[in-house]
Amino acid sequence: MIHTTHTSSADRLLAAVEPLPHAERLRTVARTAHALAATGELAALLDELAGHGGYGRRLAALAAQAGPGVTGRSERLDGLTAALAAVRTDLVDRLLTAPTPPDTATADRWTPRQQQVAAAGRAAVADDPQRPVEERAAALRAAARIPGHGAALLRRWADHPDTVLAETALAALPTTDDPAAVLPDLLARAAADRARVALHAADRAARHTPPGTLAALLRAPALGDAPARITSRKQAVRLAARHLPAEAAATLLLDAVRAPGGHPDVRTAALAETLHRRGDRRADGTPAPAGELRWALLAEIAAHGAPDQRRRLTEADPHRLPPADRPRYAELVAGLLESGDRSVEDAARTRLADLAGHVPQAVAGLARTVLDPDDRSRWESAAETLTVIALGDTPHPLGGCAPGSVLSDVLTALAASVGAGEDRSRERLARLQNRLLLHSWNNPNAAAVCRAAAAVLLVEPALRRSAVELLVGAVDVSAEDLGDRLVRLLPLLTDRPALAVRAAEELGRKAQYGWARTAPALAAARRLAPDGSFAGGLLAVALARAGARDRWSEPWRALLRELRRHPEPDVRDEAHTVRTDTD
């Protein structure tokens, strides 16, 4: 007989029951549990037993069930009873009659009679209106895992007036022993008030449904052949894309897009599920049937979709497309340039910058748009795209600005128009120039393109300022040839003092706020300073501002002293505005 006092530790209990026969061992544990439950000390013993391995945990579970009225049990006890229900099905009957019945996660191991008792117990809790709604909902979730009983109970509660219990039942239906069997119940509520919960639960049930059955069940809500809310129809489209084989899914989505009277949101959902999948290909590189169906869906959207759907078409990243599919996607995007909707056309032109090599005729169309004097709305985005293409890696004649390239021809035509007195062409040239300078930041092709564009503009004297701005924008203050380029720039500034000031200001910003090495700037400034000209002096002062990045070492101070004695008074004044740390 074990003394049932607080001093009875788990070690003493284990030592006492070890030599006893099994039946006497159970009776001893039960008597100990009853005694400690009366004094409120059973919870402490259970925690101690749980730390003594599997045998101790089994004894703790038996003691917990034998000790009625136990309060403050540790949370580990639920895990212990669940483990016991899984490995000792001969004890499940006792567990089912306990105040806290065991978890039903392993109910598939129980006998049919035990499953029936467990289901009846959970149903009684769910039916009891005196219990908290959270406890009743938990009973429904637990009942779902009891084979042969869960689905029937949940179906009975799926349309209950209480929203919490009804939605709990719907959400738990896919956790029953046959999820595929409950999918029709969930889809049948596609038009009901709780369609959101039902269709969300249908996702889990669809994973376990044979493809042929699933396709037949999803077709009606996806195509609108059965009453369904728009959100339900969209979810049906998503379920088809996720869980059906590729060809079956592509077929259903294409039919949903082509369905007469189809809702735009359903088409958008089908497009979203197709756009990131695109064309499948066989091992030999030929398109698979699913891929062709997906391209047909994209073409349908391009031809008949709403503006927001057509804009969505342009959001695919061409670099993530298989190389064999890029020309086809480029043709699709190029077709949107004549959609008649400005937002769609602007989006297509922006995407065209990454696809120019596949649709040269579309790039030529951009050039015609920029040169069209009657165009008032599309030329700006066309000019933007042309500059991005020119600065990119698309080969000549689409990329770059070498003679014979698309951009060079456009600049030549606009320059000639400016020479003829057409001010509107000047505006378009300014737009191209600004876009070139804006996109030239950290672009390895920018310097060559800007210099080539400047060479085109210099043919027209009225465009000298634009040409100089491009040349200064192309200057790299850390390049070894900096001095040579600035010396070649001087003749363009000799008789244009205001332009010289503007060029010096831009050069000064580059020199002062750059982070590259300063030696080329110092060498170029020393070369320009003795020139004695107004323009040369201003450029030298602009470069001298880079001395701040060298903490005004002596070579920079010497340069600044020389510039402060320059023959041009404006250069001397400008040099005095540059302050060193000792001025």
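The values are calculated or read from the model by the stated rules, or taken from the named source; none is laboratory data. The shown structure was predicted, so the numbers you read here are calculated from the model rather than taken from an experiment. In this analysis, Cβ positions are derived from the backbone assuming ideal geometry, glycine residues included, and neighbour counts consider all displayed protein chains. Side chains included, ligands, DNA and RNA excluded: accessible areas come from the protein's heavy atoms. Shrake-Rupley method; radii C 1.70, N 1.55, O 1.52, S 1.80 Å.
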If each part is reduced to its alpha-carbon centroid, segment 437-467 and segment 284-350 end up apart, in Å, by 34 Å
Note to self: with every protein chain in place and a 1.4 Å probe, the chain gives an accessible area per residue in Å² of 47 Å²
P(r) of segment 488-582 over all Cα-Cα pairs, 5 Å bins starting at 0, rounded to whole percent, reads 2, 16, 29, 27, 18, 7, 2, 0
In vacuo Debye sum over C-alpha of segment 241-380, base-10 log of normalised intensity I(q)/I(0) at q = 0.09, 0.10, 0.18 Å⁻¹, listed in q order, is -0.29, -0.35, -1.01
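Using R₀ = 56 Å, calculate the FRET efficiency as 1/(1 + (r/R₀)^6) where r is the Cβ-Cβ separation of Val487 and Glu315; round to 0.05.
So the FRET efficiency works out to roughly 0.70.
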Most packed first (mean Cβ within 10 Å per residue), the peptides 352-358, 11-17, 481-487 order as 352-358, 481-487, 11-17
Scoring the chain by relative contact order with C-alpha pairs under 8 Å, at least six apart, yields a percentage of 4 percent
The distance between the Cα centres of segment 162-176 and segment 90-123, in whole Å, is 21 Å
Largest-first semi-axes in Å of the equivalent ellipsoid built from the Cα gyration tensor of segment 513-560 are 18, 11, 8
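Between Arg204 and Thr163, what FRET efficiency comes out of the Förster formula 1/(1 + (r/R0)^6) with R0 = 25 Å and r the beta carbon distance, rounded to 0.05?
Numbers: r = 21 Å, r/R0 = 0.83.
So, using R0 = 25 Å, E works out to roughly 0.75.
How long is the gain from Asp423 to Arg496 if the chain were fully straight, where each residue apart is worth 0.36 nm and the alpha carbon distance is subtracted?
Working: separation 73, 0.36 × 73 = 26.28 nm, distance 2.16 nm.
Gain in length upon complete extension: 24.1 nm.
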Where a ≥ b ≥ c are root eigenvalues of the Cα gyration tensor, a/c under 1.5 meaning rounded, otherwise prolate if a/b exceeds b/c and oblate otherwise, segment 132-194 counts as oblate
Distance in nm between Arg277 and Ala120 label points, each 7 Å along Cα→Cβ, equals 4.8 nm
A chain fully extended from Thr580 to Arg113 at 0.36 nm per residue, minus the present Cα-Cα distance, gains in nm 158.6 nm
Here the net charge surrounding Ala220, from other residues whose Cβ is less than 14 Å away from its Cβ (Lys, Arg +1; Asp, Glu -1), is +2
Note on segment 108-225: alpha-carbon gyration tensor, axes a ≥ b ≥ c; rule is a/c under 1.5 for rounded, else prolate if a/b larger than b/c, else oblate; result oblate
Given 288-295, 519-526, the highest-first ranking by average Cβ count within 10 Å works out to 519-526, 288-295
Only helices counted: for the chain, with every DSSP H run of 4 or more residues adding -39500 (n - 2.57) and the sum spread over all residues, [θ] at 222 nm is -19500 deg cm²/dmol
What one gets for the chain as the Kirkwood radius, inverse of mean 1/r over different Cα pairs in Å, is 31.8 Å
Simple SL model, points at 7 angstrom along Cα→Cβ for Ala191 and Asp128; separation in nm is 4.0 nm
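Say R0 is 60 Å: what FRET efficiency, to the nearest 0.05, do Ala98 and Thr350 get from their beta-carbon distance? Don't jump to the answer; show the numbers that get you there.
Working: r = 67 Å, r/R0 = 1.12.
Plugging the Cβ-Cβ distance into 1/(1 + (r/R0)^6) gives 0.35.
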Rounded to the nearest 10 Å², the accessible area of Asp265 using a 1.4 Å probe with every protein chain kept is 70 Å²
Mean projected area (nm²) from the convex hull of Cα positions in segment 419-504 is 5.8 nm²
Output ordering of 328-338, 230-240 (per-residue mean of other Cβ within 10 Å, highest first) is 230-240, 328-338
For the pair Arg27 and Ala246, the simple spin-label estimate (label points 7 Å beyond Cα toward Cβ) gives in nm 7.1 nm
So Glu505 and Arg564, fully extended at 0.36 nm per residue minus their Cα-Cα distance, gain in nm 19.5 nm
The percentage of the accessible area of the chain (probe 1.4 Å, all protein chains present) made up of carbon and sulfur atoms, to the nearest whole number, is 52 percent
